[in-house]
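*Asks:* Okay, handing you the structure first.
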């Protein structure tokens with residue numbers, strides 16, 4: 001498997017907790033944008049993280065548009081989209097250092113990949129300014145990809161394939177059928193598919209379940225099974241060739257693929 005690149009190690013657990021704190025700070029500040037309702041603000045932030053264009057949600061969701069008109073007494077236009085995004089981008093970097101713990105199993109998996117001669121690149125929905133805060137902390141914790149490409153360093157972020165192409169170019173890996181895209185959102189799977197890569201989704205540890213490790217472990221088994229199954233369904237619908245519960249399961253999956261041969 002030498003020469004393969006594995007792309008998409010966003011820290012969804014840390015990102016989610018940082019996001020919650022950014023939302024709490026925004027709510028406590030009495031910012032007029034949050035008058036729309038904390039619930040809406042959280043959905044807007046999560047959609048930015050997932051690389052879905054914010055305008056698709058704010059401008060075309062009838063319920064949210066109605067709340068914007070009622071609470072802010074204005075139309076949900078592109079200017080409001082830009083204002084919300086800029087405010088979100090301003091708040092988030094200060095939260096990232098407080099919530100940058102790696103997902104369980106990520107450090108060990110990256111170490112295994114390196115021992116196996118596998119290059120590791122990362123695409124991210126974060127901007128470069130955000131990653132300049134997070135990347136040194138991640139490296140200190142043992143998350144050190146060979147290449148990191150941010151959303152604002154390519155013409156279009158996920159699901160466009162440009163960040164994957166940029167990583168492949170820097171690592172000298174082609175064709176991209178030799179590469180594996182690993183991620184925890186449908187946008188990750190679409191990005192990998194658009195780049196011609198094999199795609200592996202992460203269900204339980206990722207954004208589609210949307211809970212941190214402690215919250216997941218506190219669920220009763222039936223609810224946990226239901227949430228993981230729904231996450232797997234969404235990831236497969238978006239193009240995942242395989243879905244694993246955790247990034248810790250990736251080495252075993254890679255070994256099983258190598259045993260099958262080309």
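*Asks:* Could you go through the stretch 238-258 and let me know if any residue there is buried (at least 21 other Cβ atoms within 10 Å of the Cβ), more than 23 Å from residue 143 (Cβ to Cβ), in contact (Cβ under 8 Å) with a residue 12 or more places away in the chain and in contact with a helix residue (DSSP H, G or I) (Cβ under 8 Å, 6 or more places away or on another chain).
*Replies:* Yes, the stretch 238-258 has at least one match.
*Asks:* In the stretch 111-127, is there at least one residue being within 25 Å of residue 212 (Cβ to Cβ), part of a helix (DSSP H, G or I), touching a helix residue (DSSP H, G or I) at 6+ places or on another chain (Cβ under 6 Å) and in contact (Cβ under 8 Å) with a residue 24 or more places away in the chain?
*Replies:* The initial filter retains those residues of the stretch 111-127 that are within 25 Å of residue 212 (Cβ to Cβ), namely 111-113, 120, 122-127.
Narrowing further to those that are part of a helix (DSSP H, G or I): 111-113.
From what is left, the residues that are touching a helix residue (DSSP H, G or I) at 6+ places or on another chain (Cβ under 6 Å) are 112.
If we keep only those that are in contact (Cβ under 8 Å) with a residue 24 or more places away in the chain as well, we get 112.
Yes: the stretch 111-127 contains one or more residues that are within 25 Å of residue 212 (Cβ to Cβ), part of a helix (DSSP H, G or I), touching a helix residue (DSSP H, G or I) at 6+ places or on another chain (Cβ under 6 Å) and in contact (Cβ under 8 Å) with a residue 24 or more places away in the chain.
*Asks:* Report those helices (runs of 4 or more DSSP H) wholly inside the stretch 145-262 carrying at least 2 residues which are over 18 Å from residue 120 (Cβ atoms) and over 14 Å from the mean Cα position of the chain (by Cα).
*Replies:* Working: elements: 162-171, 186-194, 213-218, 221-237, 250-260.
By residue number, 186-194, 213-218, 221-237, 250-260.
*Asks:* Of all residues in the stretch 158-184, count the ones that are touching a strand residue (DSSP E or B) at 6+ places or on another chain (Cβ under 6 Å) and free of Cβ contacts under 8 Å to residues at least 40 places away in the same chain.
*Replies:* 1
Read-outs throughout are calculated quantities, based only on the coordinates presented, and are distinct from any laboratory measurement. A quick note: this is a predicted structure, and the numbers were derived from the prediction, not measured. A quick note on method: Cβ atoms are made from the backbone with ideal geometry, for glycine too, and the neighbour counts reach across all protein chains shown.
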